[in-house]
Amino acid sequence: MKKIVVQILALILLPLTVGAQACCSGGTPLAGNLGLRPVSGGNFYVDLTYDYNTQRTLLNGSRLLADNRRERTTHAVLSRAAYGITDRFAVAGILSWINEREIVSVAGRTNQFAATGIGDAILIAQYEAVQQEYEHLLLGAGVKFPMGRTDIRDPETGLLLNPDLQPGSGSWDLVLSALFEKQHVLKDNLTLIAELTARMNTEADRFGGRQAYQFGREYRANLGLRDRYLIGAQIFDPSLNVLYRHTEKDRIDGNDVPNTGGHWIHILPGINWQASPAFAINGSVSIPLYRNLTGTQLTTTNRFTLTLSYQKTGRPAVIPVDADFGW
C-alpha cells in the first residue's frame with residue numbers, strides 16, 4: 001500500500017515540482033523527421049530512422065538545476081516513404097513506433113513508468129515550386145493524425161500517465177513545411193539548406209472527454225551546409241545545421257499549463273554515406289547551444305539518429321535534416 005501511495009505521488013506531485021512536460025510535446029518526434037526532399041514522377045524513396053533521446057537536464061528558464069530526481073529515455077523508430085506523382089508533385093507519409101521509460105525518485109524511492117506502442121502518423125503533399133539544376137524549393141502541407149494510444153495507465157496505481165509519456169498525442173494537427181536547397185554555394189559540392197516547419201496542434205480528449213489537452217504549437221527554422229567528398233570509390237556528405245525551435249505553452253481546457261513551452265537552439269553535425277546510387281546511411285547528433293524554457297522543465301541531454309534509406313531517382317536527393325531534439 002505504501003508503495004502505491006508513493007507511485008501516486010510520483011505521478012501527480014512530481015510534475016508540479018520538476019516540470020509538467022519533458023521538454024515540449026508528446027509522442028514520437030514526427031515534425032523533426034519530416035525531411036522534405038525532391039522526388040521526380042514515377043520514382044520513390046523509403047527510409048527507416050532510429051531516434052535515441054535521453055533527458056536528464058533540468059532547467060528553470062535557462063538556468064541549470066542540480067536535480068537528478070527524474071530521467072527519461074526515448075527510443076523511436078520511424079518509417080518514411082514518398083512517391084512522385086509528377087515531376088513537381090509528390091506525396092509522403094511517416095509511420096512511427098515509440099518506447100518511453102521514465103525513472104523518478106520521490107520520498108527516497110525510485111519508481112519507473114513506461115509506455116510502448118505505435119505513435120502518430122503524418123501524410124503530407126509536397127510541391128516543387130522551383131526546379132532548377134542546382135536550386136530547389138519545396139512546399140509541403142499535410143496532416144498529423146492520431147494513431148498512437150493516449151490511454152496508457154500505470155499498472156500498479158491505475159492512474160493515467162502524463163500526456164508527454166503517451167505514445168500518441170490524440171489530436172489532428174496541421175503540418176506546414178518549406179525547404180530551400182542551393183548547390184555549389186561558395187565552392188563546388190557545397191550545398192546550402194534552409195527549412196521552415198510549423199505544426200498547428202488541436203485539442204485532444206483525456207479522461208473520457210472530461211479534459212481537453214492541447215500541446216503547444218511548434219515552429220522550427222533550420223539553416224545548414226552540406227559538403228561532398230569522394231574517398232576512394234565511396235561518397236561521403238558531412239553536414240552542419242543550426243536549428244532554432246520554439247513551442248508555445250500547452251493548454252488544458254483553454255488554460256495555460258505551467259512549465260511548458262520555450263526556445264531551443266541546437267547544432268546538428270552529421271554525415272551521410274552514399275553506399276550505392278540507391279542506398280545511403282545517415283547519422284547525426286544534437287548539441288545544445290541555448291535553451292530558455294518556460295518555468296522548470298526536463299530537456300534533452302544526449303540525442304542521436306541513424307537513418308537507412310533507399311531511393312529510386314534520377315537526380316541527387318536532399319539529405320533529410322533531422323532537427324527535433326526532445327518532445
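The values are calculated or read from the model by the stated rules, or taken from the named source; none is laboratory data. Computed from a prediction, not measured in an experiment: that's the story for all the values here. Every residue, glycine among them, receives a Cβ derived from its backbone with ideal geometry; neighbour counts consider all protein chains shown.
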- Restrict the check to the range 173-186 and report whether at least one residue is of a type in the set (D, E, K, R) and either at pLDDT below 95 or closer than 24 Å to V285 by Cβ (or both). yes
- Query: L268: modelled with pLDDT of 95 or more, touching a Leu at 6+ places or on another chain (Cβ under 9 Å) and over 29 Å from G42 (Cβ atoms), yes or no?
  - Reply: yes
- Give the residues of the range 183-196 that are surrounded by 20 or more Cβ atoms within 10 Å (Cβ to Cβ) and free of Cβ contacts under 8 Å to residues at least 60 places away in the same chain, sorted by residue number. T191
- Note on the structure: Within the range 158-182, the count of residues that are buried (at least 19 other Cβ atoms within 10 Å of the Cβ) and more than 15 Å from L36 (Cα to Cα) comes to 12
- For residues that are surrounded by fewer than 17 Cβ atoms within 10 Å (Cβ to Cβ), outside any loop (DSSP other than H, G, I, E, B) and under 23 Å from the mean Cα position of the chain (by Cα), scanning just the range 200-211, find the one that is modelled with the highest pLDDT. M200
- Message: Quick check on my filter: what residues within the range 170-199 are more than 24 Å from the chain's Cα centre (by Cα) and either under 13 Å from V143 (Cα atoms) or of a type in the set (K, R) (or both)?
- Response: K182, K187
- Among the residues of the range 115-128, is there at least one that is of a type outside the set (F, W, Y), loosely packed, with under 15 Cβ neighbours inside 10 Å and part of a loop (DSSP other than H, G, I, E, B)? no
- Query: Do we find that I94 is in contact (Cβ under 8 Å) with a residue 60 or more places away in the chain and farther than 19 Å from G41 by Cβ in this structure?
  - Reply: yes
- Within the range 220-239, restricting to residues that are of a type in the set (A, V, I, L, M, F, W, C) and loosely packed, with under 15 Cβ neighbours inside 10 Å, the one that is farthest from V285 (Cα to Cα) is A233
- Message: Of everything in the range 130-146, what is within 16 Å of T197 (Cβ to Cβ) and either of a type in the set (S, T, Y) or exposed (fewer than 15 other Cβ atoms within 10 Å of the Cβ) (or both)? Give them in sequence order.
- Response: A141, V143
- Query: Taking the condition part of a strand (DSSP E or B) and within 30 Å of T86 (Cβ to Cβ), does A141 pass?
  - Reply: yes
- Message: Every residue in the range 97-120 that is free of Cβ contacts under 8 Å to residues at least 60 places away in the same chain and either small (G, A, S) or more than 20 Å from E71 (Cα to Cα) (or both), please.
- Response: S105, G108, A114, A115, G117, I118
- Note on the structure: Among the residues of the range 197-228, the number that are farther than 18 Å from Q166 by Cα and either touching a Leu at 6+ places or on another chain (Cβ under 7 Å) or without any contact (Cβ under 8 Å) to a residue 12 or more places away in the chain (or both) is 9
- the range 222-276, subset among the hydroxyl-bearing types (S, T, Y) and part of a strand (DSSP E or B), residue nearest to E195 (Cα to Cα): Y244
- Message: Tally up the residues in the range 290-327 that are surrounded by fewer than 17 Cβ atoms within 10 Å (Cβ to Cβ), more than 20 Å from D51 (Cβ to Cβ) and at pLDDT 95 or above, please.
- Response: 2
- Message: I need the full set of residues from the range 54-84 which are in contact (Cβ under 8 Å) with a residue 60 or more places away in the chain, over 30 Å from I122 (Cα atoms) and in a loop (DSSP other than H, G, I, E, B), in order please.
- Response: G61, S62, L65
- Task: Could you grab me the full set of residues in the range 85-112 that are farther than 20 Å from A141 by Cβ and not in a strand (DSSP E or B)?
- Result: A107, G108
- Note on the structure: Residue set D87, D51, D120; condition closer than 20 Å to D173 by Cα, touching a strand residue (DSSP E or B) at 6+ places or on another chain (Cβ under 8 Å) and of a type in the set (D, E); output residue D120
- Considering residues of the range 147-157 that are more than 18 Å from Q211 (Cα to Cα) and of a type in the set (D, E) only, the residue surrounded by the most Cβ atoms within 10 Å (Cβ to Cβ): D154
